[in-house]
Amino acid sequence: NWQIYPPWLRGANQSEWRSPESVGYRMMIRWYAVRIWPALAAAGYRWVCRFDDDSLLLSTIPYNLFGFMRSSGYEYAYRNVAIEPGGWDGNRWWVWVRDYVRNMTRHSGRRPAWLYEPCHNKTKVFSRTACGDFFGFYNNFFVADITRFLSADIQHLLTQLDESGLMFTARWNDLIIQSLAVQLFIPRQRVHR
């Protein structure tokens with residue numbers, strides 16, 4: 001799970017990668033964006049809750065989080081919204097997502113679940129100009145149904161992102177990748193804040 005992937009990245013000039021974080025940090029991004037789902041499923045888990053050691057739980061949760069998710073029909077839950085300023089990678093993120101959505105729609109006829117909600121034109125354009133900064137979920141604390149993230153639609157997205165190497169070269173982080181997967185494929189009524 002911590003091997004650099006794809007293989008062409010092994011010989012890449014890391015001094016050309018965006019931002020100064022270490023390869024280990026980028027592998028952590030890859031873990032929470034891509035690798036966590038099959039690894040936890042292989043260990044027999046159905047649900048995952050991330051709670052980073054720099055997070056604080058300031059009140060009691062008097063119920064089982066996973067039981068609540070299951071009985072309510074939720075597939076993903078988050079605590080805080082995180083707006084990612086679009087200037088961190090120019091237009092590259094917007095173009096990549098727009099192309100992915102166009103291909104997805106062309107090949108399957110499927111439209112994004114709620115990705116376009118913050119956009120001025122909710123059916124045609126995904127750009128920073130039309131949509132503002134990217135709306136994401138602060139995922140240092142989240143709860144998710146592992147089986148949903150292993151479904152073919154989300155796995156296709158995660159595989160494309162993983163093979164692009166952009167988690168390493170452009171430092172596309174687990175927050176934006178996980179948020180994109182949710183907004184593309186999980187209906188809003190199955191997401192809990």
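The values are calculated or read from the model by the stated rules, or taken from the named source; none is laboratory data. Small disclaimer: the values here were computed from a predicted structure and weren't measured. Positions of Cβ are backbone-derived with ideal geometry, glycine not excepted, and every protein chain shown enters the neighbour counts. Remember, those area values only see protein heavy atoms, side chains included, never the ligands or the DNA or RNA. Shrake-Rupley method; radii C 1.70, N 1.55, O 1.52, S 1.80 Å.
Points to keep in mind about this one:
- Local electrostatic count at F185 - Lys and Arg +1, Asp and Glu -1, tallied over other residues with Cβ under 15 Å: +1
- Gyration tensor (alpha-carbon) shape descriptor, region 1-134, a/c threshold 1.5: oblate
- Cysteines, the chain, no other Cys beta-carbon under 4.7 Å: C49
- Net charge over other residues, Cβ less than 15 angstrom from the Cβ of P6 (K, R count +1; D, E count -1): +2
- Residues T147, T169, sorted by accessible area with the largest first, give T147, T169 [1.4 Å probe; ligands and nucleic acids excluded].
- Share of carbon and sulfur in the accessible heavy-atom surface of region 1-111 [1.4 Å probe, %]: 52
- Shape call, region 89-193: gyration tensor on alpha carbons, a/c limit 1.5: rounded
- Solvent-accessible area per residue for region 1-130 (1.4 angstrom probe, square angstrom): 62
- Centroid-to-centroid separation of region 116-157 and region 39-80 [C-alpha atoms, Å]: 19
- DSSP beta bridges confined to the chain are antiparallel in about 85 percent of cases.
- Local electrostatic count, W17, Cβ distance below 14 Å [Lys/Arg +1, Asp/Glu -1]: +3
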